[in-house]
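Written below as structure tokens is the structure these notes are about.
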Amino acid sequence: SSSCLLTTPSCLFVCPTPALEPSTRCSAFATMSVGSDVNLKPGTDVHVFYRMSKRCTPQRKYFAVLDPRQGSYRPRTGLSDGWVPAKVISTKSDSVEVEYTWPHFATCRGHFAERDSGWTDWYSPKEVRLSPAGQVGKLNPAGLDIKLALLTFRWGGYNQVIAPEQWGDTGSSVSDVFIDSFIDRAIQPTLGNDFEVWTVYVEDKTDMEKLASSAHLIFGPTHPSRRAEYVGGMYHLYPTSFEEGCIPSQETGSDGGAALVDQKSFFKLQQAVERTGIPTRFPHPSGFYELLASKRWTYMMSLTPHLRVPPTISVPRMLCEKSIKEAASNAIASLTRVKKQQALLRGEPEPKEPVSKGVAKLGFSWEALDVKFWDGQGGSKGLETALFNLTQNIEISQELTGQPHDLEAIIVQEYCKHDLEIRLYVVDGIVQATIYTKFCKIKDNLEFGDFHELFEQEKAASAWCGGDLGALQDGERQCRAIVEHWMVWVQAQLCEVPPAIRFDFFMGRGEKPGSAVVWTLEICELGFSMLGEKELPNKVFKAMLGKCLGGGKTGSSDPACLPNSGPRVPPPTTPVPAPPAGAVSSTAEVVPPPAKVVTPPPPESLPPPKPADADVGVIIPAEESSDVPNIIHISVPAGPGVTQDQALCTGKYERMGNERANGAPVWTNDRADRFLYHGNDDNWYVGDEEEMDLGFDCDQGYIRHESAGGMMPHLLEGDWERGEEWIEDPAITVNLDGTTKPATARNAPSTKGAKGKSKRRK
């Protein structure tokens with residue numbers, strides 16, 4: 001059997017015996033192998049790699065505490081994953097039975113495992129190490145070098161975290177499921193058992209206040225975690241402005257507001273731990289996390305035109321307490337003034353009418369809660385109701401309930417008419433996933449409901465854009481261009497690129513088919529809902545681990561360190577069409593990114609380039625050839641059968657330094673979203689970020705031409721071809737002087753293979 005059930009007077013334990021590879025790092029410990037020269041006789045002193053979540057039932061999880069008082073008094077803290085002392089009881093061919101010899105195991109509620117209770121577990125031999133001389137029975141034995149130690153702050157209240165199903169199998173970011181998923185999917189596959197997790201359980205703000213005032217004493221250089229090569233803090237709690245335990249918090253979700261804690265005490269704690277020298281590795285450093293969670297960035301950045309934030313203002317709480325009516329009137333006047341200023345900054349005509357629809361929302365609010373729609377047609381009454389609901393009383397579960405929060409202001413924003421939301425997930429600076437979502441109705445209480453998500457562009461266009469796929473594609477291009485700007489802003493706050501972050505946009509169809517209008521809706525911190533996307537969690541967890549181990553991208557003037565080296569999309573080259581009548585929009589163009597940034601994916605993710613004499617034509621090394629130009633001009637004239645993506649291959653291409661593709665140089669256009677490269681099938685291609693993400697080890701693109709004995713692309717004779725059917729097109733030009741040909745009739749498809757693209761596919 002791969003597991004056993006052991007009953008003690010204290011609890012029921014589920015004891016799996018996974019076979020995990022040990023760390024390759026040197027250690028004074030000897031890893032056991034049943035049947036080896038080491039005789040694991042009963043009574044042998046060992047250390048075993050204990051994981052709380054794997055060895056205990058969800059209802060009663062025991063962690064090892066350094067001192068019994070650390071398990072009795074709040075805030076309770078101890079080792080939840082790591083090496084603990086034990087004694088061999090018996091062995092089998094593939095497992096070792098041990099009895100724990102560490103005397104202090106406690107739960108987050110302060111229950112203790114009984115000493116000498118006969119609590120035994122079966123372990124894989126790879127999870128068992130001989131205790132070195134002089135270190136028998138010690139929780140942190142000398143000679144055990146740990147690569148990574150994590151200090152996790154997690155919920156320890158009576159009500160257990162219940163993650164909504166839409167979060168997927170990794171759970172919500174405040175759940176043990178999320179923490180265990182990070183360990184199972186990233187840490188152990190990379191480090192084996194060369195890590196440990198110290199857990200601090202938090203019930204309310206008094207726990208955080210105690211920790212904040214003494215963090216330098218508890219988590220300073222003498223804390224056991226500090227012996228690790230890398231140490232990081234992780235905060236799996238929701239900072240909120242509401243009083244802890246109040247009705248609005250208890251009515252949040254289905255778990256009674258589990259993990260909602262006082263935001264002021266939370267950030268005081270986080271900052272105190274950071275001052276001890278333990279960097280935050282989840283979700284973000286304290287200053288940036290507070291900026292995102294408070295949503296203050298919305299009104300701070302509303303007058304930065306190219307970031308496309310809807311007109312947004314901050315309504316001081318004191319105005320609402322003085323007079324709701326006066327506050328609403330002032331808010332609409334201020335919101336209208338911001339909208340006019342946005343028009344001025346974008347060079348648009350000044351709007352004639354005041355803002356008539358919007359939303360009012362609270363900072364430090366989660367799961368799309370505390371957002372109220374208001375309609376101000378004919379006056380400010382709608383906004384008055386929204387402000388009253390958010391500052392005074394609100395109906396919850398058919399009961400009138402007070403709003404006991406300490407926010408100094410309410411955020412008011414113009415409502416953007418839209419067709420759907422586009423969520424872009426950025427991992428290590430690269431857009432790794434796109435999900436399309438929509439709240440399909442405004443409920444009777446003026447909150448947004450009936451949430452749906454779709455993962456395919458075509459289905460989203462059909463369901464929510466009237467089948468206008470071109471409009472959705474145009475909207476997504478604009479969103480990606482705006483992400484370029486936002487990532488520079490993010491780096492300005494952090495001096496590095498975060499492991500992951502999510503940007504949400506509203507998108508509405510423009511006046512003309514195939515056109516769109518977009519607005520920045522939300523910036524979501526690491527820990528965002530991944531909505532069950534299958535591949536995204538592993539990418540996020542890998543990036544998180546990279547940051548924990550001192551890697552990831554950092555602030556630098558080196559272009560290789562600048563954000564978003566992944567999918568590149570061009571900003572519109574013509575003004576964005578206005579939306580239908582009644583839509584809140586702008587006719588200004590999305591400003592292109594401030595500078596061309598071309599960064600290849602991390603080296604470990606790229607396939608090795610093929611040698612020059614591999615199964616492709618011989619490519620002349622760039623440094624040895626006088627035929628390698630720095631600039632190449634490409635023209636793909638519009639005409640019958642030419643897609644927009646193919647036409648976007650037109651432009652000036654500049655050589656990407658020493659970048660090589662299958663032994664040949666690579667060029668990129670001014671927008672950094674098209675790449676002229678040599679494929680692995682002896683053809684020259686123009687592709688996009690999809691090919692770059694593959695390290696150009698592929699045979700696909702929008703246009704192509706067969707190579708000829710190492711000849712550079714501008715010297716090739718004969719017609720270039722367009723995908724998907726690989727149609728020869730005499731109108732395509734690739735040269736050094738930028739001369740073009742008129743569009744001509746399209747020829748018959750080629751019979752040669754490889755993958756052509758008429759539009760970008762994801």
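Annotations
- Checking region 195-203 against the condition returns a match, with at least one residue being part of a loop (DSSP other than H, G, I, E, B), touching a Lys or Arg at 6+ places or on another chain (Cβ under 9 Å) and of a type outside the set (Ser, Thr, Tyr).
- Scanning region 128-151 for residues that are buried (at least 21 other Cβ atoms within 10 Å of the Cβ) and not aliphatic (A, V, I, L, M) gives 129, 131.
- Taken residue by residue, region 402-411 has no member that is of a type outside the set (Lys, Arg), open to solvent by 30 Å² or more (accessible area, probe 1.4 Å) and over 30 Å from residue 265 (Cα atoms).
- Where residue 106 falls short, out of the listed (1) within 25 Å of residue 191 (Cα to Cα); (2) aliphatic (A, V, I, L, M); (3) buried (at least 22 other Cβ atoms within 10 Å of the Cβ): (1)
- For region 191-209, the candidate set comprises residues that are under 11 Å from residue 269 (Cβ atoms) and β-branched (Val, Ile, Thr); within that set, the residue that is surrounded by the most Cβ atoms within 10 Å (Cβ to Cβ) is 202.
- Of the criteria (1) modelled with pLDDT of 90 or more; (2) farther than 30 Å from residue 254 by Cβ; (3) surrounded by fewer than 21 Cβ atoms within 10 Å (Cβ to Cβ), which one residue 377 fails: (1)
- The set of residues in region 142-180 being under 22 Å from the mean Cα position of the chain (by Cα) and charged (D, E, K, R) consists of 154, 165, 169, 176, 180.
- For region 720-737, the set of residues classified as of a type outside the set (A, V, I, L, M) and assigned to a loop (DSSP other than H, G, I, E, B) consists of 723, 724, 725, 726, 730, 737, listed by residue number.
- Counted residues, region 525-548 - those being assigned to a loop (DSSP other than H, G, I, E, B), touching a residue at least 24 places away in the same chain (Cβ under 8 Å) and farther than 9 Å from residue 433 by Cβ: 7
- Within region 298-313, one or more residues are of a type in the set (Phe, Trp, Tyr) and assigned to a helix (DSSP H, G or I).
- Residue in region 421-437 that is basic (Lys, Arg) and either surrounded by fewer than 22 Cβ atoms within 10 Å (Cβ to Cβ) or modelled with pLDDT under 95 (or both) present: no
- Within region 349-373, residues that are farther than 23 Å from residue 528 by Cα and assigned to a strand (DSSP E or B) have Cβ atoms under 8 Å from residues that are aliphatic (A, V, I, L, M) and open to solvent by less than 30 Å² (accessible area, probe 1.4 Å) in these pairs: 357/584; 358/335; 358/383; 358/412; 373/359; 373/386, counting only partners at least 6 apart in sequence or on another chain.
Per-residue answers, yes or no, for (1) closer than 30 Å to residue 319 by Cβ; (2) at pLDDT 95 or above; (3) assigned to a strand (DSSP E or B); (4) in contact with a Leu (Cβ under 7 Å, 6 or more places away or on another chain):
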site	(1), (2), (3), (4)
394	yes, no, yes, no
401	yes, no, yes, no
407	yes, yes, no, yes
413	yes, yes, yes, no
439	yes, no, yes, no
444	yes, no, no, no
449	yes, no, yes, no
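- Test: residue in region 122-129 that is closer than 26 Å to residue 263 by Cα and among the small types (Gly, Ala, Ser): no
- Every pair of residues 6+ apart whose Cβ atoms lie under 6 Å, when the first sits in region 65-85 and is open to solvent by less than 20 Å² (accessible area, probe 1.4 Å) while the second is among the basic types (Lys, Arg) and part of a strand (DSSP E or B): 81/51
- Matching residues, region 297-342, being of a type in the set (A, V, I, L, M), surrounded by fewer than 17 Cβ atoms within 10 Å (Cβ to Cβ) and more than 25 Å from the chain's Cα centre (by Cα): 303, 318, 333
- Conditions (1) open to solvent by 10 Å² or more (accessible area, probe 1.4 Å); (2) touching a residue at least 24 places away in the same chain (Cβ under 8 Å); number of the one not met by residue 163: (2)
- Restricting 177, 197 to residues that are closer than 25 Å to residue 541 by Cα and modelled with pLDDT of 95 or more narrows the list to 197.
- Test: residue 238 is open to solvent by 60 Å² or more (accessible area, probe 1.4 Å) and under 24 Å from the mean Cα position of the chain (by Cα): no
- For region 692-719, a residue qualifies if it is open to solvent by less than 10 Å² (accessible area, probe 1.4 Å), modelled with pLDDT of 90 or more and outside any loop (DSSP other than H, G, I, E, B), and the qualifying residues are 701, 703, 704, 713.
- Candidates are the residues of region 256-296 that are open to solvent by 20 Å² or more (accessible area, probe 1.4 Å), touching a residue at least 60 places away in the same chain (Cβ under 8 Å) and part of a loop (DSSP other than H, G, I, E, B); the one that is nearest to residue 545 (Cα to Cα) is 285.
- Filter result for residue 222 (open to solvent by 40 Å² or more (accessible area, probe 1.4 Å), free of Cβ contacts under 8 Å to residues at least 24 places away in the same chain and either among the small types (Gly, Ala, Ser) or not in a strand (DSSP E or B) (or both)): yes
- On inspection, residue 281 fails the criterion of being within 30 Å of residue 356 (Cβ to Cβ) and under 21 Å from the mean Cα position of the chain (by Cα).
- Selection of region 612-640 for residues being open to solvent by 60 Å² or more (accessible area, probe 1.4 Å) and at pLDDT 85 or above yields 630, 638.
- Residue 446 being in contact (Cβ under 8 Å) with a residue 40 or more places away in the chain, crowded, with 23+ Cβ neighbours inside 10 Å and in contact with a Phe, Trp or Tyr (Cβ under 9 Å, 6 or more places away or on another chain): no
- Flag if residue 517 is β-branched (Val, Ile, Thr) and in a helix (DSSP H, G or I): no
- Check on residue 677, modelled with pLDDT of 85 or more, closer than 27 Å to residue 480 by Cβ, out of contact with any Cys (no Cβ under 7 Å at 6 or more places or on another chain) and among the hydroxyl-bearing types (Ser, Thr, Tyr): yes
- Candidates are the residues of region 346-369 that are in contact with a strand residue (DSSP E or B) (Cβ under 6 Å, 6 or more places away or on another chain) and more than 15 Å from residue 312 (Cα to Cα); the one that is least open to solvent (accessible area, probe 1.4 Å) is 364.
- Subset of region 486-514 [part of a helix (DSSP H, G or I) and open to solvent by 20 Å² or more (accessible area, probe 1.4 Å)]: 488, 489, 491, 492, 493, 494
The values are calculated or read from the model by the stated rules, or taken from the named source; none is laboratory data. Owing to the predicted nature of the structure, the values given are computational and were not obtained by experimental measurement. A quick note on method: Cβ atoms are made from the backbone with ideal geometry, for glycine too, and the neighbour counts reach across all protein chains shown. With ligands, DNA and RNA removed, areas are computed over all heavy atoms of the protein, side chains included. Shrake-Rupley method; radii C 1.70, N 1.55, O 1.52, S 1.80 Å.
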